[in-house]
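> Next up is a structure, given as structure tokens.
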């Protein structure tokens, strides 16, 4: 089955909605396995203990939203 989407015509919101629907469908499949690289990335990130002061974190987040 070829389920081509008109990506060049879709808005960002429509693309995100399509991704959400795909993920919801995949997550219902009991045989779906995450790729090996995904576990490796999670292990690496779990070992990176980066703590930021709450006020500094809020400031960083606010600056990204501008």
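The values are calculated or read from the model by the stated rules, or taken from the named source; none is laboratory data. Note that the structure is predicted; figures quoted are calculated from it, not measured. Cβ: placed from backbone, ideal geometry, glycine included. Neighbour counts: every protein chain shown.
> Would you check if there is a residue in the stretch 10-28 being part of a loop (DSSP other than H, G, I, E, B) and modelled with pLDDT under 90? Walk me through how you get there before you give the answer.
Filtering the stretch 10-28 down to residues part of a loop (DSSP other than H, G, I, E, B) leaves 10-11.
Then keep just the ones that are modelled with pLDDT under 90; that gives none.
Checked the stretch 10-28: no residue is part of a loop (DSSP other than H, G, I, E, B) and modelled with pLDDT under 90.
> Let me spell it out: the conditions are (1) touching a helix residue (DSSP H, G or I) at 6+ places or on another chain (Cβ under 8 Å); (2) free of Cβ contacts under 8 Å to residues at least 12 places away in the same chain, and residue 60 meets all of them except one. Which number is the exception?
Residue 60 satisfies every listed condition except (1).
> Could you go through the stretch 50-59 and let me know if any residue there is surrounded by fewer than 10 Cβ atoms within 10 Å (Cβ to Cβ), in a helix (DSSP H, G or I) and within 18 Å of the chain's Cα centre (by Cα).
no
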